[in-house]
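Everything below concerns the one structure shown next.
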Amino acid sequence: MAYALQQLINGLTLGAMYGLIAIGYTMVYGIIGMINFAHGDIFMVSAFIAVTAFTILAAADVTSIPLALTFVLIVSIFFTSAYGWAVERTAYRPLRGSTRLAPLISAIGMSIFLQNSVQLTQGARVKPIPPVLEGGIVLWDAPGFTVQIGWSQMLIIVTTVILMTAFTWMITQTPFGRQQRACEQDRTMASLLGVNVDRTISFTFMLGAALAAVAGVMVTVYYGVVDFFIGFLAGIKAFTAAVLGGIGSLPGAMLGGLLIGLIESFWAAYLWAEYKDVATFGILCLVLMLRPSGLLGRPEVEKV
Amino acid sequence: MSAVVFARHAMTPAERLRDAGWVAFVGLILGIPLVGLTTVDVGGRLGVETRFGLLAAAVAAVFAGRLLLRWAIDQARNRKQERDRASTATAADRAHGAQRVVNVLGWVALGASIALPILFSDNRYVVDTATTVLIYVMLGWGLNVVVGLAGLLDLGYVAFYAVGAYSYALLSTQFGWSFWEALPVSGAMAATFGILLGYPILRLRGDYLAIVTLGFGEIIRIILVNWTEFSGGPNGISSIPRPSFFGLDFTRSAPEGSQTFAGFFGLEFSPMHRLIFLYYLILVLALLTHAFVSRLRKLPVGRAWEALREDEIACQAMGMNTTNIKLSAFAIGAMLGGFAGVFFAARQGFISPESFVFTESAIILAIVVLGGMGSQMGVVLAATLLVLIPEFGRNFAEYRMLLFGLAMVLIMVWRPGGLLAHREPTVRLNALDKTAATQEAAR
């Protein structure tokens, strides 16, 4: 029981991170209908930026943790959004309106490019940083097993909740959110009604990248190690989460992320840890077979 | 999508400079965290190292590169406009001419590929690289059936390649099967996997299909890594027997009661014999694949694939059995991938899950799409390009995958339809093409 509770906490933490990345996928898919394959690598870039920022702070003898976290988050969000914007501008915008596969291929190319440029400029070795947040609260001191929620886990879950609230508000209440939803429904019509479609799409990419940046900082804080290959698996799982929740749906992405995180931790804890990725994909296949539009997605009706 | 296209006016030099300056500024922002700063290991802890000189050089390079690129694009556009004005040829004529050029090129390529090992009979590197190109050509042709013809986006094609390779490796090392016995069985095995994968995902379309196939590819790889008793785990399977030439081995000395290839033909032993044999073997396999797929395209099933690609609902309305069409595409594509896998295992003599990662699937898909979906010659061109880019990059080895990724993006942006776009609509609406159609009819 205690063990299961611990897994629940771990799963929620993991799921919150997947959810943050998944939103980037689902928004981009919603608005231009493509898999932004480089999104996982954007997340990886942000983790590297976080490592650099933490190291600078350590060198500058900054000891206040809230200050450090805020600084790292701002720096990481700024640069990562720039990356998100640049990727869209160079690799996807020229291909808008061509075949469906062309942007996918250029996205895969972009993903390989980002991975290798990080490997070249930052080195291929794993980057460890000293733990930023240690310790936590003991929730339940059961005999033989202590259930603990770490400060970093709490940080991740709280940040995700705050971000999700802010984000939902932004999409439903602000002018940008309205434009974003308009573009999602019908880009041509939106442009006729005076919505700057290009700018909205750029901004969507930057938002997605900013959320990925938060996830990148959280991963750096949580695991303390980063390497240039983390983007691939995280990206695929986040995309799986987006599909599981129903692609194009924001609450769906978060729900999918949490489910994937939970499935992964429970599977690894009780069944075979080495097959945890198989479980993720297996469940994805099952969901898609039984409910092809995902959990919260609207079924796609194709009109002729 | 939005059909409004504004004619771009020619840029003045000041505009060019401003444009390049803007791009260089973006480059600077992007470069600061990755190029300008890096973390290095200083006595067990990370320390920051600044590389602002390198960053400045990179930004300058971006500035100059952007200026040059804009200039080159404008030049190319002007030339194209002039050419369009000068020539009276219509789009249809040009497409027809291009098709003829491609056909001629095809024959030239065939001749060159037959002559290559004769011309380079003592150059191990050239023959080896050419063999790699042919493996990718074959994989590209196999995937072309699924993606290019049937329009089903498969991101896990490497799984079938792996199934073929492991089938041969296990059959030969565990049961002593020869290459020629194992080839059809392994192909059938891969086809079975194709149907196994295809069946549950028949209802999915587009990107859902892509992600499930990707997941399937990963599942196969993870199983190969973790099921050590079956597949040897991460260490893979080694000492896989090489194919023989009608029972003649390519070894220096033959075992009791048999002959070597060199001994039988009275040649002096040379390790190149095997390489050249392998080269011709994959050439024959690839040509058979080509003949097979070209035939299939003219058969009802091939027509059905292309119809399915264009419009699934129309297919169903015409009473076509989309289940069978999809499954046959998956099965045949998988079988061809399996054959390529068998050859790969036989050529390397060693396989491990390392060879069947997602990047491999991405490369094969890139070959199909870069070549122009559905175009057989396009696959050859793209496979050659994508194998040779990293090979040329070997001199500055760490940059090769970087160049590869960049090339994928640039080629796509430059020619979104692929290098040899093949799909010509048969019915058009605008006036220009109507005249083309009447000309066609008058001829």
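Where a number appears in this text, it was derived from the coordinates with a stated rule and is not lab data. What you see is a predicted model, and the numbers here were worked out from it, not measured in a lab. Cβ atoms come from the backbone with ideal geometry, glycine included; neighbour counts cover every protein chain shown.
Structure values in brief
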quantity	calculated
Region A:166-304: C-alpha gyration tensor shape, a/c 1.5 cut-off, then a/b vs b/c	oblate
Relative exposure of B:Trp414, A:Trp151, B:Trp305, judged by other C-beta atoms within 10 Å (fewest first)	B:Trp414, A:Trp151, B:Trp305
Contour excess over end-to-end distance, with Cα ends at A:Leu271 and A:Phe145 and 0.36 nm allotted per residue	43.5 nm
Region B:13-76: Cα Rg divided by the 2.2 N^0.38 Å rule of thumb	1.47
Degrees separating the helix A:151-173 axis from the principal Cα axis of chain A, which is the longest one	20 degrees
Rg to Rh, two decimals, where region B:105-414 supplies the alpha carbon set and Rh follows Kirkwood	0.98
At q = 0.23 Å⁻¹, base-10 log of I(q)/I(0) for region B:98-167 (Debye sum, equal scatterers on each alpha carbon)	-1.04
Antiparallel bridges, percent of DSSP beta bridges restricted to the protein assembly as shown (to nearest 5)	95 percent
Gap separating the Cα centres of region B:303-343 and region B:5-76, nearest whole Å	45 Å
Centre separation in Å (Cα based) which lies between region B:169-206 and region A:9-59	37 Å
Residues B:Val357 and A:Ile65, FRET efficiency given R0 of 51 Å [Cβ-Cβ distance, rounded to 0.05]	0.85
Other-chain or far-sequence residues with amide H under 5 Å of A:Gln148's (modelled H)	A:Leu139
Once exposed loop GluC sites (Glu not before Pro) are cut out (DSSP; at most 12 other Cβ, 10 Å), longest piece of chain A	A:135-299
Computed [θ] at 222 nm, deg cm²/dmol, the protein assembly as shown (DSSP H ≥ 4; -39,500 (n - 2.57); rounded to nearest 500)	-23500 deg cm²/dmol
Region B:144-224: trypsin sites (Lys or Arg not before Pro) falling in loop per DSSP and having at most 15 other Cβ within 10 Å	B:Arg203
5 angstrom amide H check on B:Leu37, placed H, neighbours 5+ away	B:Arg51
Net charge of neighbours whose Cβ lies under 11 Å from the Cβ of B:Trp305, counting Lys and Arg as +1 and Asp and Glu as -1	+2
Simple spin-label estimate for B:His96 and B:Leu69 in nanometres, 7 Å along Cα-Cβ	3.8 nm
